[in-house]
Each structure stands twice: as structure tokens, then as C-alpha cells.
Amino acid sequence: MAIIRVYAGADGKSHFEEVTPRFEARGDQSETAELIQGSGITIRRFDPKRSNPWHHAPGRAAVFTLSGAVDIEIGDGTVRRLGPGDILIAEDLTGQGHGTREVGPEPRVSIFVPLGQIAGLRGG
């Protein structure tokens, strides 16, 4: 996976820069790096054998799966599999929460984009 930045240099021309994220272990079989400093947008890599029992989303976020896959279970037992190209809007900040299980064999890599609070959300 390449992360490429295009920017205007002091010479007035556009330039490419390859960005290498600095991943830090989270202690839960995953690691994370801030994609754009100060933005809150993070890239996260999950071990393919990781599972996370019932938990809440830590904040409203759009989660873009780039590679790998995850099964997400909700309170009524329904399970949805998300893979490359799928986008999850995580908003279950209260209540029962959800459970996740990575689906190997490769690590899941996802981009987390924080979403602000919006009044009058559907279902919320």
C-alpha cells in the first residue's frame, strides 16, 4: 500500500512525497498511526487473529477498510462482513455496542475518519 502526498514546493512546482506511517502498538493486537498530523485521521492495522468482544465505538467515525476483512456482530446476533472498499459509519457510543472478529489470513488495514456530532441523526 502506497501513501503518496502531492504538494507545491518552494519552486512553485508540484512534487510527490511517499508517506510512511509510524505505527505504534496499542496492546490489543493492533497498531495505529496518525495519517495526517493533527487531523485525528488514523490508519490502523489489525492482527488477523484478533477479536474484540462487546465494545462501543470510541467516537463517531467513518471506517474505510482497505485490506483484510472483519466480521461485526450486533445485539440481535446479526453478523456483517466488511472487506476492501466497504465503509462503516460507527455511531454506537452507548448501549450494548458491537463485537468484532478479524477474518484472516491477512491483517485488516482501515482508515478511521472522525465525524463531528450531528443533530437529528437517523436512529440516534
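The values are calculated or read from the model by the stated rules, or taken from the named source; none is laboratory data. All of these numbers come straight from a predicted model, not from anything done at the bench. Please note: Cβ atoms are built from the backbone with ideal geometry, for glycine as well, and neighbour counts cover all protein chains shown. For accessibility, only protein heavy atoms count, side chains too; no ligands or nucleic acids. Shrake-Rupley method; radii C 1.70, N 1.55, O 1.52, S 1.80 Å.
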Worksheet item: How much net charge surrounds His98 when only the other residues with a Cβ under 13 Å from the Cβ of His98 are counted, with Lys and Arg +1 and Asp and Glu -1?
Response: -3
Fill in: 3J(HN,Hα) from dihedral phi, region 74-87, Karplus parametrisation 6.51/-1.76/1.60, rounded to Hz, x for glycine, proline
10, x, 8, x, 5, 10, 10, 9, 10, x, x, x, 7, 10
Worksheet item: For region 1-43, what's the relative contact order in percent, using C-alpha pairs closer than 8 Å and at least 6 residues apart?
Response: 23
Worksheet entry | Cβ-based charge dipole, region 19-62, positive-most Cα from Ile41, Gly27, Ala57 | Ala57
Discussion item. Per residue of region 20-26, what does 6.51 cos²θ - 1.76 cosθ + 1.60 with θ = phi - 60° give for ³J(HN,Hα)? Whole Hz please, x for Gly and Pro, Karplus curve as stated.
Written reply: 10, x, 9, 6, 10, 5, 9
Worksheet item: Just the Cα atoms of region 1-58, one point each, no solvent: what log10 I(q)/I(0) does Debye give at q = 0.12, 0.13, 0.21, 0.23 Å⁻¹?
Response: -0.44, -0.50, -0.93, -1.03
Worksheet entry | Volume per residue of the C-alpha convex hull in the chain, rounded to whole Å³ | 138
Discussion item. Over the chain, with the other protein chains present, what is the accessible area per residue in square angstrom, probe 1.4 angstrom?
Written reply: 66
Discussion item. Treating only the Cβ of Lys, Arg, Asp and Glu as charged (+1, +1, -1, -1), what charge dipole size does region 10-100 show about its Cα centre? Round to the nearest 20 debye.
Written reply: 100
Worksheet item: Using alpha-carbon pairs under 8 Å, 6+ residues apart, how would you state the relative contact order of the chain in percent?
Response: 26
Worksheet, complete the sentence: For the chain, the accessible surface attributable to carbon and sulfur atoms (probe 1.4 angstrom, ligands and nucleic acids excluded) amounts in percent to 53
